[in-house]
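The values are calculated or read from the model by the stated rules, or taken from the named source; none is laboratory data. It should be emphasised that the depicted structure is a prediction, and the values quoted were computed from it without experimental measurement. Virtual Cβ from ideal backbone geometry, glycine too; neighbours counted across all protein chains shown. What goes into the accessible areas is simple: the full protein's heavy atoms, side chains included, and nothing from ligands, DNA or RNA. Shrake-Rupley method; radii C 1.70, N 1.55, O 1.52, S 1.80 Å.
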Amino acid sequence: MEDVTLQRLLTKLKSRSHFEPDDEAALMALPFTLKELDPSGYLVRQGERAEFTCVLLSGFAYRQKIVGDGGRQIVALQVPGDAVDLQNSLLKIADHSVQALSAITMARIPRKALLEIAATHPRIAHAFWLDTLVDGSIAWEWIANIGRRDALMRLAHLLCEIALRLEVVGFHEGEAHKLPMTQEQMGDALGLTTVHVHRMIKQLERSGLIVRDKRTIAILDEHRLREVADFQRAYLHLNLLDD
């Protein structure tokens, strides 16, 4: 099995926070159990009490809210290195569900262990805090994306974001520009119908910006795609170490 450590979580946290060697050692020594899930398997279920925080080691997942008529809104995508329910270590009860988008491997870290390491390692606590704040920043961008950008820009923006987030945790360029989502799932993330998503994918393909192979979309020209998307990376807060 590939990647059975918390290295990608450490890489992600260090992209925004200064760690000393003892911080790195403590994070890598956190106890966890490995679990594999097939696509659509639940990492977290809404309403459940949180006993663990799940760190995505491989594959993709998504956060979702289900409304009264059964409709689904995908509210965030998760990539390797993400602690998908870090907020539940304090909130205790999950207010939304997290499901596997692809086959995944995750590390389940006991909530108690996370609270203990945060209490004894201030730099790690600061990194956790930053991570949840950036989650909020991404959420605001998603609201703006759905509310104020047209359909083509929404799709292009989503693809640009995921590619950059994957690069941060160490994926090579050839790997980083792929997103295994169905058109229905894209529609639920972007507030579009499946038919509309299909049209936008075709338009990006005809423009030579992406290529699609079944459920996988790969970016061919990231610079031009960012122009189409009105993509500005500031909301991902990747330059905090420069301050």
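Here is how the numbers come out for the structure above:
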| item | result |
| --- | --- |
| Lone qualifier among ASP95, ASP85 - being under 18 Å from GLY47 (Cα atoms) and open to solvent by less than 10 Å² (accessible area, probe 1.4 Å) | ASP85 |
| Looking only at region 224-243, and only at residues there that are of a type in the set (Lys, Arg) and closer than 27 Å to ASP131 by Cβ, the one that is most open to solvent (accessible area, probe 1.4 Å) | ARG233 |
| Test: residue in region 187-209 that is part of a helix (DSSP H, G or I), without any contact (Cβ under 8 Å) to a residue 24 or more places away in the chain and within 19 Å of LEU77 (Cβ to Cβ) | yes |
| Those residues of region 138-157 which are among the hydrophobic types (A, V, I, L, M, F, W, C) and closer than 16 Å to VAL75 by Cβ, in sequence order | ILE138, ALA139, TRP140, TRP142, ILE143, ALA144, ILE146 |
| Within region 174-223, tally of residues that are more than 17 Å from PHE60 (Cβ to Cβ) and either open to solvent by 40 Å² or more (accessible area, probe 1.4 Å) or of a type in the set (D, E, K, R) (or both) | 17 |
| Qualifying residue in region 148-159 (condition: assigned to a helix (DSSP H, G or I), farther than 23 Å from LYS12 by Cβ and free of Cβ contacts under 8 Å to residues at least 24 places away in the same chain) | yes |
| Selection status of VAL79, open to solvent by 40 Å² or more (accessible area, probe 1.4 Å), aliphatic (A, V, I, L, M) and either out of contact with any Lys or Arg (no Cβ under 8 Å at 6 or more places or on another chain) or in contact (Cβ under 8 Å) with a residue 12 or more places away in the chain (or both) | no |
| Residue count for region 24-58, restricted to those that are open to solvent by less than 30 Å² (accessible area, probe 1.4 Å) and either touching a Cys at 6+ places or on another chain (Cβ under 8 Å) or under 18 Å from LEU86 (Cα atoms) (or both) | 11 |
| Region 105-133, residues that are open to solvent by less than 20 Å² (accessible area, probe 1.4 Å), in a helix (DSSP H, G or I) and either aliphatic (A, V, I, L, M) or more than 10 Å from SER17 (Cα to Cα) (or both) | ALA113, LEU114, ILE117, ILE124, ALA127 |
| Selection status of LEU241, modelled with pLDDT under 90, farther than 20 Å from ARG72 by Cα and over 17 Å from the mean Cα position of the chain (by Cα) | yes |
| Condition broken by SER102, with the remaining ones in (1) part of a strand (DSSP E or B); (2) within 18 Å of the chain's Cα centre (by Cα) satisfied | (1) |
| Entirely in region 1-94, the helices (runs of 4 or more DSSP H) that have 3 or more residues that are over 17 Å from GLU116 (Cα atoms) and modelled with pLDDT under 95 | 7-14 |
